[in-house]
1. Please list the non-local residues whose amide H lies under 5 Å from the amide H of Ser314, H modeled 1.01 Å from N, same-chain partners needing a gap of 5 or more.
2. Over the heavy atoms of Thr396, what accessible area does a 1.4 Å probe trace out, to the nearest 10 Å²?
3. With θ set to phi - 60°, apply the Karplus curve 6.51 cos²θ - 1.76 cosθ + 1.60 along segment 363-370 and write out the HN-Hα couplings as whole Hz, x wherever there is a Gly or Pro.
4. Can you figure out the FRET efficiency of Phe81 with Ile364, using R₀ = 30 Å and their beta-carbon distance, to the nearest 0.05?
5. Based on the Cβ-Cβ distance from Glu118 to Asp285, what FRET efficiency comes out when R0 is 45 Å, to the nearest 0.05?
6. Not counting ligands, DNA or RNA, and with a 1.4 Å probe, what is Leu99's accessible surface area in Å² rounded to the nearest 10?
7. Could you work out the local net charge near Pro124, counting Lys and Arg as +1, Asp and Glu as -1, over the other residues with Cβ closer than 11 Å to its Cβ?
8. Positive end of the dipole of segment 103-238, charges at C-beta (+1 Lys, Arg; -1 Asp, Glu), about the Cα centre: which of Asn213, Leu136, Gly223 has its Cα farthest in that direction?
Amino acid sequence: MEKEPKKQNVKTKPRKKKKAPKKGQEKLLSVLKTVCIISVVLALLVIAAQRFGDITFSSVSDYFNTLISGAKSGDGYPYYFESLAVKKVLPIEKDLFVLSDDAGFVLDNTARTLGKEEHTLSSPLSVSAGGRVLTLDVGEHSYRVQSKTKLLYEGSFPQKLLTGAISKSGAIALASRGDSSQTKLTVLNKHQKEVFTWNCANENIIALALSDNGKRVAVSVVGAADGELYSKVYLFDTSKNDPLLSLSYTGIVPHLSFLSGDYLLVAGNKVFELYKGNEKIAEEDLSVNTFSHLYTSDSKYAIAAFSKYGSASSKIIKAYDRKGNLLFTVELNESIKGVSTDGQSFSVLSDNALYNYDREGALIGKVPIEAGCILPFTDGKWTYVWTVGGIERFKTNRIDEGEEPSTSAPEEITDNPFKEDAN
């Protein structure tokens, strides 16, 4: 018999256990990862800001403040106000700014409250642009600017304030009572340095608009002569004393809005004109119709409503791109409360329904609404509706079963003065 081979005793070294990283090291690695991620995101945001010009440092700050605050979310929509003392709801980028009697705060897309700032203003008025909100006390001296997450600064103006405007760059324009004139215009840059003033000797300033870079300001004033009201509109370059443009109208012209660059919309009851620089390049024929509503988005697309033959219950809806080119026209046989756009979708709130259209004027959404609705705000996937008691939210492309479009088909644009010369 063969002998079995003897088993050799092979000595093996025990494997060394890997040392677990110390808690301090884990914390350091976590911090380094977070710093790397934030650095990459910040670099991308800076590149986007340089390329597109639509991102401000305050919006970057807001982004990181929101990021640091964690993944908390609100209770969702509908959102109900704590009281009925809400004076205004405004879009602030993709969120909503709510102005009440004693505070201003932002609601994000989950209805979470951001940047709540209390105030003691007796007659507050708010306007927004580029992720900032200017709030001033009409008839008093105080004003403030806040972002989505914090108060940026407060100020006290020497004269009593009337109205204001804010640009994407952070510049603000303030209309006030004058010392040696009826009213006065003052433009401050984002550092609160005064860069332009203009005294209006005999008329009252009722509307202001600033270009995105804050270097051009449009002013509408109203006065009276021979028992009739008249308006004048001026366009200024803040580096020059004399106006680039001076216009005169009968009646009141309370709506001024900059589109892209130096394209300016001027609107009133019987006025709807488009200017490029100091040249009028187009106007709507309002010989039989009257102007009703206008909304211009941060993306500089616009939507306007006109009363057909002056009727409150028959509207003509027109949408315009960043240079005032007419995109579509539809008619709606209902009275309306407001219009809105984000540049992709165009919303109309009537007494009975919320309508949404795409850029070609095709109806992509229609939902019935209840009484008490005030204004719509569309933002891509969602359209918000400010109501007496709170804020409702609907999918932009939602069409309820049984809801048939009651608007006419978009008109084919064959003769378009807003498109012919605006390029």
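1. Excluding prolines and chain starts, which carry no amide H, the hits are Lys308.
2. Accessible surface of Thr396 is approximately 10 Å².
3. Each residue of segment 363-370 in turn: 6, 10, x, 7, 9, x, 10, 8 Hz.
4. My answer for the efficiency is 0.55.
5. Calculated transfer efficiency: 0.40.
6. Counting only protein heavy atoms, Leu99 exposes about 0 Å² to solvent.
7. Counting the neighbours of Pro124, the net charge comes to -1.
8. Towards the positive end, the residue furthest out is Asn213.
The values are calculated or read from the model by the stated rules, or taken from the named source; none is laboratory data. This structure is a prediction, so every number in the text was calculated from the model and none was measured. No Cβ is skipped: glycine too gets one built from the backbone with ideal geometry, and neighbour counts run over all protein chains shown. These accessible areas exclude ligands, DNA and RNA; they are computed on the full protein's heavy atoms, side chains included. Shrake-Rupley method; radii C 1.70, N 1.55, O 1.52, S 1.80 Å.
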